[in-house]
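Asks: First the structure, which I've put down as structure tokens, then a few questions once you've had a look.
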Ligand SMILES: Nc1nc2c(ncn2[C@@H]2O[C@H](COP(=O)(O)OP(=O)(O)OP(=O)(O)O)[C@@H](O)[C@H]2O)c(=O)[nH]1
Ligand SMILES: [Mg+2]
């Protein structure tokens, strides 16, 4: 109800004009004591899961959703479109990093307080979003990173676990950031952080780039436990472990190029 | 002059003419021009004075002159591939910007 109202104000011309006045904006947000949270979902060939993921988010009260269909050849776009949310389509597949940046740029036009990135393959739980946003609401962090190793990695295949742990080591060596999970797509950014972070990497190596941005832009970050569920579907669709060697090389090359 | 030397000479002059043409079209920067002229000039020089390469090889502790040529050739190739990778990466990123802009325009149309 509150969210509906705030959304109405936010979409309404007069409301937008009022929000421009800083004192009023704070008043409006205070009145309904809520923050505008925008959920960004990059999706590539996810017709089997995207519908359920969106429904689930809505069930948990997250109405502001933007799906970036990254040139899928299946019906991902149509399914998302029918859900009464924002859908953007890349005409050519550009990769998860590119899609995230598109989503962030789009969300920023709505002046959100918090931006959350969420996977389309159903591996994340909508109920975790609350915990992810808490430190930003309390101004304890600009960026909150989900960690499946602080939380739960349900049914994670052993090889995946090894690859991810190696990823943590590579990230530590390259960026001097100690994390418990460096390749997790479940993240929350304050509006400020989202506007500061600029993702140029198209592919999965954006994970390293985001950390680089966090460091170089001096953003406060912290890790929070989340659950990542591995199912036969998510494993068949997910990143092949063999590709991680190339991913590691790419991250090193990117580092050299800067 | 051996046939090999003649072939190297002809090819090097051909390559040099390309370098000059490209520079005149402003497709190569001054830095790149100097780099390529240096490369092909050294190739011609070494083809006619192979002893030079042996001299340099011995200087760094390699026995045969040909070996240092092969090593530096491989080194050069690696460097060029890295530059190609950087260029490709730039293109990829620019392409993404285009795709992104198109997606925003299409979104507004609807
Ligand atoms: N936009 C876009 N999204 C992608 C692409 N590939 C995957 N995704 C999305 O990114 C999310 C995560 O992708 P996954 O391939 O499962 O990667 P992951 O979850 O980090 O890796 P796993 O642990 O193996 O599942 C999902 O929502 C995918 O739909 C792509 O090329 N473009
Ligand atoms: Mg996945």
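Asks: Just the number, please: Stokes-Einstein D of chain A in µm²/s, Kirkwood Rh from C-alpha pairs, 37 °C, 0.692 mPa s.
Replies: 175
Asks: Most exposed first by the Cβ proxy, i.e. fewest other Cβ within 10 Å, how do B:3, B:74, A:235 rank?
Replies: The most exposed by this proxy come first: B:3, B:74, A:235.
Asks: Taking Cα atoms of the stretch B:51-110, Rg/Rh with Kirkwood Rh, to two decimals?
Replies: We get a ratio of 1.54 for the stretch B:51-110.
Asks: Return a whole-number percent for the relative contact order of the stretch B:1-49, with Cα pairs under 8 Å and 6 or more residues apart as the contact set.
Replies: For the stretch B:1-49, the relative contact order is 48 percent.
Asks: Can you give me the relative contact order of chain B as a percent, contacts being Cα pairs under 8 Å and 6 or more apart?
Replies: In percent, rounded to a whole number, it is 15.
Asks: Principal axis extents for the stretch B:4-73, Cα atoms only, whole Å, descending order, please.
Replies: Cα spread of the stretch B:4-73 along its principal axes, largest to smallest: 42, 26, 14 Å.
Asks: Taking only the alpha-carbon atoms of the stretch A:188-236, what semi-axes of the equivalent ellipsoid follow from 5 times the gyration tensor eigenvalues under a square root, in whole Å, largest first?
Replies: After diagonalising the Cα gyration tensor, the semi-axes are 25, 15, 9 Å.
Asks: Can you list the residues of the stretch A:144-166 with backbone N under 14 Å from a point 7 Å past the Cα of residue A:230, pointing along Cα to Cβ?
Replies: Within reach of a label on residue A:230, which here means backbone N under 14 Å from a point 7 Å along Cα→Cβ, the stretch A:144-166 contributes A:148-149, A:152-166.
Asks: Relative to the compact globular guide of 2.2 N^0.38 Å, what is the alpha carbon radius of gyration of the stretch A:134-195, as a ratio?
Replies: My calculation over the Cα atoms of the stretch A:134-195 gives 1.26.
Asks: Moving on to the next point. Share of Cα-Cα pairs in the stretch A:215-258 beyond 12 Å, in percent?
Replies: 76
Asks: For the modelled label position 7 Å from the Cα of residue B:9 along Cα-to-Cβ, which residues of the stretch B:35-77 have backbone nitrogen atoms closer than 18 Å?
Replies: So the set is B:40-52.
Asks: Highest GNM mean-square fluctuation, chain A, Cα pairs closer than 10 Å: which of A:233, A:192, A:221?
Replies: Highest fluctuation of the listed residues: A:233.
Asks: Let me ask something additional. Under the 0.36 nm per residue contour assumption, what length would be gained going from the current alpha-carbon distance of residue A:58 and residue A:161 to full extension?
Replies: Full-extension gain reported as 34.0 nm.
Asks: What's the percent breakdown of Cα-Cα distances in the stretch A:104-232 across 5 Å bins, shortest bin first?
Replies: Whole-percent P(r) values from 0 Å outward: 2, 11, 20, 24, 22, 13, 6, 1, 0.
Asks: Going from the alpha-carbon gyration tensor of the stretch B:1-40, what semi-axes, largest first and in whole Å, does one get by taking the root of 5 times each eigenvalue?
Replies: Largest first, the stretch B:1-40 gives 24, 10, 4 Å.
Asks: When each pair of different Cα atoms in the stretch A:121-166 is counted once in the 1/r mean, what is the Kirkwood radius in angstroms, to one decimal?
Replies: Evaluated on the stretch A:121-166, it is 12.4 Å.
Asks: Obtain the nm distance between the two label points defined at residue A:222 and residue A:48 by a simple spin-label model: each point lies 7 Å from its Cα along the Cα-to-C-beta direction.
Replies: Using points 7 Å along Cα→Cβ, the separation is 3.8 nm.
Asks: Run the numbers on the stretch A:36-256 and let me know its relative contact order in percent, using alpha-carbon pairs under 8 Å that are six or more apart.
Replies: Relative contact order of the stretch A:36-256: 24 percent.
Asks: Sorted from fewest to most neighbouring beta carbons within 10 Å, what does the list B:25, A:198 look like?
Replies: Fewest-to-most ranking of B:25, A:198: B:25, A:198.
Asks: Counting each DSSP H run of 4 or more residues in the protein assembly as shown as -39500 (n - 2.57), what helix-only mean residue ellipticity at 222 nm follows after dividing by all residues, to the nearest 500 deg cm²/dmol?
Replies: So the calculated ellipticity at 222 nm is -19000 deg cm²/dmol.
Asks: Would you mind giving the mean number of other chain beta-carbons within 10 Å of the Cβ of each residue in A:65-74, as a whole number?
Replies: Taking the mean over all residues of the peptide, I get 1.
Asks: Another question about this same structure. Report the paramagnetic label zone for residue B:45: residues of the stretch B:3-39 whose backbone N is under 14 Å from a point 7 Å from Cα along the Cα-to-Cβ axis.
Replies: B:35-39
Each value in this text was obtained by applying a stated rule to the coordinates, not by laboratory testing. All of these numbers come straight from a predicted model, not from anything done at the bench. Glycine also receives a Cβ, built like all others from the backbone with ideal geometry; neighbour counts cover every protein chain displayed.
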